[in-house]
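J.: This structure is in structure tokens; I'll ask about it shortly.
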Amino acid sequence: MTLTAVRSKRERYLTFFLGEEQYGIAIDQIKEIIAMMKVTYVPKTPPFMRGVINLRGAIIPVVDTRLRFGMELVEPTMHTAIIIVEIEKVMIGFIVDRVEEVVSIDASHLSEPPKFGSHIDTDFIRAMAQIDENVVMILDVLKLFEADELVSLEQIRQTQIDEGE
């Protein structure tokens, strides 16, 4: 096997924490990471939608990842960050408790996520990875949202742009 073949099997992921659980997102989906900032509430949105931010003139919907995963809401700390990703040409911010690091994971160290039965939706977990002593859940950010939720996020963004003009 050539060195390039070995290298091509490694993918890079940004890891972050929600409470004690560690998650990862493929680095190629991430646009940037910013410190927690003021989020403008948008009425009549789902509870996990915290609102929008204005990032250098771009209006970006922000999701509280803890609420999206059914976890309890916590007050932001100095470690709280917003990870900006692009999903289907829509920029979305994810609030996370703490960004950890970028790791390179060999494809052979990824395993299928466990199945918990038909009533528990774990489709958003793309794979599980063992990093040192931790199990990291690799997320499929597209599957964190239903198609209609993505449309709603884009509508929220567009409404805020229109109101700002």
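The values are calculated or read from the model by the stated rules, or taken from the named source; none is laboratory data. As the structure is a computational prediction, the values presented were derived from the model and not from experiment. Note that each Cβ is placed from the backbone with ideal geometry, even for glycine, and that neighbours are counted across all protein chains shown.
J.: With touching an Asp or Glu at 6+ places or on another chain (Cβ under 6 Å) and either among the acidic types (Asp, Glu) or surrounded by fewer than 17 Cβ atoms within 10 Å (Cβ to Cβ) (or both) as the only criterion, which of Lys38, Lys44, Lys31 stands out? Quick ask: steps written out before the conclusion?
T.: Values: Lys38 fails: touching an Asp or Glu at 6+ places or on another chain (Cβ under 6 Å); Lys44 fails: touching an Asp or Glu at 6+ places or on another chain (Cβ under 6 Å).
Just one listed residue meets the conditions, Lys31.
J.: Same structure again: Could you grab me the full set of residues in the range 25-51 that are in a strand (DSSP E or B), under 23 Å from Phe124 (Cα atoms) and touching a residue at least 60 places away in the same chain (Cβ under 8 Å)?
T.: Hits for the range 25-51 are Ile25, Ala26, Lys31, Ile33, Met49.
J.: Moving on to the next point. Would it be correct to say that Val103 is assigned to a strand (DSSP E or B) and over 27 Å from Arg12 (Cβ atoms)? Lay out the reasoning, then the answer.
T.: Working: assigned to a strand (DSSP E or B): yes; over 27 Å from Arg12 (Cβ atoms): no.
So Val103 does not fit the description; no.
J.: Can you find even one residue in the range 50-66 that is at pLDDT 95 or above, among the hydrophobic types (A, V, I, L, M, F, W, C) and surrounded by fewer than 13 Cβ atoms within 10 Å (Cβ to Cβ)?
T.: No, because not a single residue in the range 50-66 is at pLDDT 95 or above, among the hydrophobic types (A, V, I, L, M, F, W, C) and surrounded by fewer than 13 Cβ atoms within 10 Å (Cβ to Cβ).
Okay, residues lined up against (1) loosely packed, with under 10 Cβ neighbours inside 10 Å; (2) modelled with pLDDT of 80 or more:
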residue: Ser108; (1), (2): yes, yes
residue: Glu112; (1), (2): yes, yes
residue: Phe116; (1), (2): yes, no
residue: Gln130; (1), (2): no, yes
residue: Val135; (1), (2): no, yes
residue: Val141; (1), (2): no, yes
residue: Asp148; (1), (2): yes, no
residue: Glu154; (1), (2): no, no
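J.: In addition: Of the residues Val99, Val52, Val63, Val103, only one is more than 14 Å from the chain's Cα centre (by Cα), among the aliphatic types (A, V, I, L, M) and under 16 Å from Phe16 (Cβ atoms); which? Give the derivation first.
T.: Values: Val99 fails: more than 14 Å from the chain's Cα centre (by Cα); Val52 fails: under 16 Å from Phe16 (Cβ atoms); Val63 fails: more than 14 Å from the chain's Cα centre (by Cα).
Answer to the selection: Val103.
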